[in-house]
1. Roughly how many percent of the accessible protein surface of the chain is carbon and sulfur, given a 1.4 Å probe and a whole-percent answer?
2. Which of the peptides 280-291, 90-101 is most tightly packed, and how do the rest follow, going by the mean number of other Cβ atoms within 10 Å of each residue?
3. Can you give me the orientation-averaged projected area of the convex hull built on the Cα atoms of the stretch 1-133, in nm²?
4. So what is Rg over Rh here for the stretch 226-319, counting just Cα atoms and using Kirkwood for Rh?
5. Would you kindly derive the ³J(HN,Hα) couplings of the stretch 70-87 from the backbone phi angles with the Karplus curve 6.51 cos²θ - 1.76 cosθ + 1.60 (θ = phi - 60°), listing them in order in whole Hz, with x for Gly and Pro?
6. Taking only protein heavy atoms into account and a 1.4 Å probe, give the accessible area per residue of the stretch 182-313 in Å².
7. For the residue pair residue 72 and residue 163, what label-to-label distance in nm results when each label sits 7 Å from Cα along the Cα-to-beta-carbon direction?
8. Between beta-carbons, use under 13 Å as the cut-off and find the net charge around residue 192, counting Lys and Arg +1, Asp and Glu -1.
Amino acid sequence: MSSATATKRVAIIGGGILGVSTAVHLLREGASVILLTERGLASEASGRSLSWLNSAGERSTPYHQLRVAGVDRYRTLFASDPKREWLQFGGGLMWNADGQAETTEARHAYEKSIGYDSKLLAPEEIATATPGIDSSAVPDNAIFNPGEGWVSLPDLIDFLMEEFHSRGGELVLNAGKASVMVEGGRTTGVETSSGGTYPADAVLVACGAATPAVVQPLGVHIPNGSPVSMLVVTKQVQHDVTAVMNTPRAALRPNPGGTFALDHDWYEEHITEHADGSFTVPEEVVQELADEASRLVAGNPELKPASWKMGYKPIPGDGEPVLGELGQVPGCFVAFTHSGATLGLIAGELLAGEILTGRKHPMLATFRPGRFS
């Protein structure tokens, strides 16, 4: 590595998994990194993500390949310490609503056709594949994907930040809103609403659903399809569930401390956004989600919400990730994707390589922001 590459200074806007992962990969390669957050680490989407590690269903081939590589990186991390409570591979289980057996069968057939590990199960077969499920909740059939898993992103971010600090990364918390500085048509650093100015050779904008708004003043348009979402964490409960579950009325995964993490989308219309940027939802709606989740668990234990967080779930307008350098503003990179958890480690690795070497990675070819120009 050249000394110029080794001393490159990179500023990263965003304290979620994409920003933190890229920061650590940059530091491993000898770069100087400053990470700026509007509030705290994992304070936005990474703090309220179901974080199901998968490439189930149908999507573009490049997106599928990137997601599979993403799961692979988590498997490597998992193998280094399988006892970590915040990263587990217990598979994924999904089913559709009553009367949609053919839709489930078609999904299974597609997954098999691309070599994705997929098992089509009758309700009575589920117990042999994965524990802790109330099979009476399954109307027709279900798909079990044994290779899938889940991660608690706040715990992963804490883990990565230990390495960040040990390698000399600089962290600026509560910096307020940040903007990219440009001089002579090239990125020169970051300035914040709190008055800070941070010169840099390159900038990565990785602030979730706010990413399109941050790059808009640079003359860059990235369509934003981010919906409002909510993640509920339950109180501790006895259960044997190891799989992530994606069902018509509730999505559920195990969570550290013997709790569950829950989400879905049917209650979006019940979430109210206020002028100060905060969100509220009726407590009965939160409990209804918990009740729906209880029906999925063997023994139907009473699930009580302990906390819930709301905000925008990052989704680009065309559904595909937006990763790479802005053609209009050399030195400015973006990371904006729905699959932030699954792609968290691989995207950070590939983006760090591009930032430091200037060589575009072929796996990111179809995800570049220039496609919207």
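1. Values: 7640 of 15550 Å².
Carbon-and-sulfur percentage of accessible area, whole number: 49.
2. Numbers: 280-291: 15.7, 90-101: 18.3.
Per-residue mean Cβ counts within 10 Å order the peptides as 90-101, 280-291.
3. Working: hull surface 46.7 nm².
For the Cα atoms of the stretch 1-133, the hull's average projected area reads 11.7 nm².
4. On the way: Rg = 13.7 Å, Rh = 13.9 Å.
Rounded to two decimals, Rg over Rh is 0.98.
5. These are the phi-based 3J(HN,Hα) values: x, 5, 4, 5, 5, 5, 4, 5, 4, 5, 6, 6, x, 8, 4, 6, 9, 9 Hz.
6. I get 46 Å² per residue for the stretch 182-313.
7. 1.7 nm
8. On the way: positive: 39, 177; negative: 38, 191.
Overall, the nearby charge balance is 0.
The values are calculated or read from the model by the stated rules, or taken from the named source; none is laboratory data. These figures come from a predicted structure and were not determined experimentally. FYI the Cβ positions are ideal-geometry reconstructions off the backbone, even for glycines, and counts take in every protein chain you see. Areas reflect the complete protein model, heavy atoms only, side chains present, ligands, DNA and RNA absent. Shrake-Rupley method; radii C 1.70, N 1.55, O 1.52, S 1.80 Å.
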